[in-house]
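J.: Okay, handing you the structure first.
A short reminder: the numbers here are calculations on the coordinates, not readings from a lab. Bear in mind the structure is a predicted one, so any value in this text is a computation, not a measurement. Here the Cβ positions follow ideal geometry from the backbone for every residue, glycine too, while neighbour counts run over all protein chains shown.
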Amino acid sequence: ARRSDSQMRMLIVGSPGSGKGTQSTRLLKEYSFSVLSAGDVLRSHISRRTEIGQRADAVIKQGGLMPDAVMMDLIGSEVKTLADSDWLLDGFPRTLGQAEMLDSMLEQSGKALRLVINLDVPEDVILDRILQRWTHLPSGRVYNLSYNPPKVEGKDDVTGEPLSKREDDNVETFGKRLKSFHAQTEPMLEHYRKKSGSIVDVDCRSNTNPEETAKGDALFVNLKGDTSNQIWPHLLKVVQSRFPHLKSAT
Ligand code: ATP
Ligand code: MG
């Protein structure tokens with residue numbers, strides 16, 4: 001019953017379109033654990049037309065952010081229900097305020113974060129990706145027409161349901177999302193960099209040995225790369241070495 005000592009409690013952060021969802025999905029194919037995606041939780045509220053969903057719809061279309069307290073209520077309560085099981089959060093926290101709320105909630109239960117992965121993708125490659133992205137909205141699965149196309153054009157690989165464009169995946173809204181990333185999320189990254197005793201900073205474009213990336217136990221790991229394929233082997237190594245108890249997904 002000492003599982004909580006090895007429990008995976010990790011964040012995946014990065015600018016919009018940096019591949020958070022793609023990497024989380026790949027990890028889920030390897031290991032069994034729970035993923036909570038803030039964007040997916042909000043999109044689910046929108047499709048169920050809840051009160052939060054109505055608010056989120058307006059905010060997301062504008063490329064803005066939902067209020068910290070609303071996000072903390074939504075995601076914090078889910079994290080609590082996960083208790084001792086392994087989890088990864090995608091897209092939450094996203095501001096310094098959210099990070100501080102999450103940290104103090106975790107501290108109260110005596111469980112600090114174990115790993116913060118920052119996907120560091122150059123801005124010039126991201127816009128192109130966003131424009132090429134198609135999403136299966138119910139599951140959050142994403143496809144890219146050039147390097148990760150669906151098996152059948154326009155259809156989700158798993159359910160066969162139609163793919164769509166996210167309403168905020170256009171040039172205008174993307175510009176606003178990037179701005180809010182710089183203004184709101186950079187200070188949060190700084191917070192976790194400072195919290196981390198040591199920082200692992202890997203250029204996945206030149207460092208070809210993922211084994212090297214996995215050394216050490218820093219809280220903050222920065223993985224820089226142009227594509228999800230460059231970053232993936234490094235991410236996998238870090239997760240493997242940090243959380244060796246994870247069971248493989250069936
Ligand atoms: P990508 O999915 O490509 O990584 P993204 O991170 O911008 O891009 P989502 O995480 O899906 O997209 O979030 C979509 C939108 O939902 C955001 O632009 C924002 O409006 C809102 N949102 C998501 N997470 C949060 C959060 N933690 N706090 C406030 N608003 C959020
Ligand atoms: Mg996402």
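J.: Cα to Cα, under 15 Å, and not fewer than 8 places away if on the same chain: which aspartates and glutamates meet these conditions relative to Lys111?
T.: List returned: Asp5, Asp84, Asp86, Glu100, Asp103.
J.: Check cross-link reach from Lys151 to the aspartates and glutamates: straight Cα distance under 15 Å, and skip same-chain residues fewer than eight apart.
T.: Answer for Lys151, where 15 Å is the Cα cut-off: Glu161, listed by chain and number.
J.: Let me ask you something else. Among all the aspartates and glutamates, which ones have a C-alpha under 18 Å from Lys215's C-alpha, if same-chain residues fewer than 8 places away are not counted?
T.: Lys215 reaches Asp201, Asp203.
J.: While we're here: Suppose the chain between Ala69 and His182 were pulled fully straight at 0.36 nm per residue; how much longer would it get relative to their current alpha carbon spacing? Each step should come with its number before you reach the end.
T.: Values: separation 113, 0.36 × 113 = 40.68 nm, distance 2.03 nm.
Roughly 38.7 nm would be gained on extension.
J.: Moving to a separate point now. Give the residue list of trypsin sites (Lys or Arg not before Pro) in the range 15-53 that are DSSP loop and have at most 14 other beta-carbon atoms within 10 angstrom.
T.: Arg48, Arg49
J.: Using alpha carbons only, what's the Rg to Rh ratio of the chain with Rh from Kirkwood?
T.: 0.94
J.: While we're here: Just flag the trypsin sites (Lys or Arg not before Pro) in the range 132-231 sitting in loop per DSSP whose Cβ has no more than 10 other Cβ atoms within 10 Å.
T.: Of the trypsin sites (Lys or Arg not before Pro), the ones in loops of the range 132-231 whose Cβ has at most 10 other Cβ atoms within 10 Å are Lys151.
J.: Taking every pair of alpha-carbon atoms in the range 121-250, what share in percent sits in each 5 Å bin, from 0 to the bin with the longest distance?
T.: The distribution over the range 121-250 is 2, 9, 14, 14, 18, 18, 15, 8, 2, 0, given as percents.
J.: So how far apart, in nm, are the two label points at Asn170 and Gln62 if each is 7 Å from Cα heading toward Cβ?
T.: Rounded to a tenth, the inter-label distance reads 1.7 nm.
J.: From the P(r) of the range 1-131, can you give the percent of Cα pairs sitting at distances over 16 Å?
T.: 66 percent
J.: Can you compute the helix-only [θ] at 222 nm over the chain? Use -39500 (n - 2.57) per DSSP H run of at least 4 residues, normalise by all residues, nearest 500 deg cm²/dmol.
T.: -13000 deg cm²/dmol
J.: Could you let me know the centre-to-centre spacing of the range 84-101 and the range 179-250, using Cα atoms, in angstrom?
T.: Cα centroid to Cα centroid, the span is 16 Å.
J.: I'd like the FRET efficiency for Arg49 and Val158, computed as 1/(1 + (r/R0)^6) with the beta carbon distance as r and R0 of 41 Å, rounded to 0.05.
T.: 0.95
J.: Please give the charge dipole size of the chain, origin at the Cα centre, charges +1 on K and R Cβ atoms and -1 on D and E Cβ atoms. Round to the nearest 20 debye.
T.: 380 debye
J.: Suppose R0 equals 22 Å. What FRET efficiency, 1/(1 + (r/R0)^6) with r the Cβ-Cβ distance, do Glu30 and Val125 give to the nearest 0.05?
T.: Efficiency, from the Cβ-Cβ distance: 0.30.
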